[in-house]
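Let me begin by presenting the structure, written as structure tokens, before commenting on it.
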Amino acid sequence: MRLVIAHNPDTAATQTTARDKTIHALEQQAAQWVGKLDDQDEGKRQRGRKLSDGGVRAKFYRAVCEAQLTRIIRVDLKSERFTYGIDEQALKHAQLMDGKLLLITNTQDLSAEQLVARYKSLADIERGFRVLKSEIEIGPVYHRLPERIRAHATICFIALILYRIMRQRLHAAAAPTSPERALAQLAA
């Protein structure tokens, strides 16, 4: 058994920035709700339904769960009042893990760089299947005859190759358009 750990600084920066933006947005939402709760406690009238600490706690906890930040943002579910906190140790741990790729393999004849390249090519193939299902919009088609199955698979393969060529050429031309937008413009 062999363990390979790879680090990509660009991915790490992207992941850290995205998480920080999400945490900031959640904190702003929480501050807004706390402000409304405080205004209600002071007797100020507001539009809409009254908020409760339990309702705000449930909404905030749901938002934290959807952002997959429950390890970092701790919502006190047992408290009478709405409270939450940032677990700084968990945040530092998440930042340490940003950009890391952990591979476990039994292959001994490939270097670490070759293993990472193989893994990324596998991810590219899986991304290609996602493209076939979503961007190119080739849905399930039911065939019985072997030649029709082969023809359908060939059409899917050609569509994927054309999509990849389009992506490479757009990238080489430094075009701001994504392949999805280019396909949408062609279809319009």
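Throughout, read-outs are computed from the coordinates displayed, never taken from laboratory work. Quantities reported herein were computed from a predicted structural model and do not represent experimental measurements. Ideal geometry is used to build each Cβ from the backbone, glycine not excepted, and the neighbour counts take in all protein chains shown.
Projecting the Cα atoms of ASN106, LEU145, PHE82 onto the charge dipole of the range 60-153, computed from C-beta unit charges around the Cα centre, puts LEU145 farthest toward the positive end. Normalised Debye scattering of the chain at q = 0.10, 0.13, 0.19 Å⁻¹ gives log10 I(q)/I(0) of -0.75, -0.98, -1.22, counting only Cα atoms as equal scatterers and leaving out solvent. All other residues whose Cβ lies under 12 angstrom from that of GLU80 are scored, Lys and Arg at +1 and Asp and Glu at -1, for a net of +1. For the range 1-76, the alpha-carbon radius of gyration amounts to 1.57 times the rule-of-thumb value 2.2 N^0.38 Å expected for a compact globular protein. Hull surface divided by four, with the convex hull built on the Cα atoms of the range 110-187: how many nm²? About 7.2 nm², averaged over all directions. Within straight-line reach of LYS59, meaning a Cα separation under 27 Å, sit the following lysines at least 8 residues removed in sequence or on another chain: LYS21, LYS36, LYS44, LYS50, LYS78, LYS92. Computed over the chain, the per-residue total of -39500 (n - 2.57) for DSSP H runs of n ≥ 4 gives a 222 nm mean residue ellipticity of -21000 deg cm²/dmol, rounded to 500. Counting only GluC sites (Glu not before Pro) that DSSP places in a loop and that have at most 12 other Cβ atoms within 10 Å, the longest clean stretch of the chain runs over 81-136. Helix 146-172 versus the longest principal axis of the chain: what angle, 0 to 90°, nearest 10, using Cα atoms? Result, in degrees: 70.
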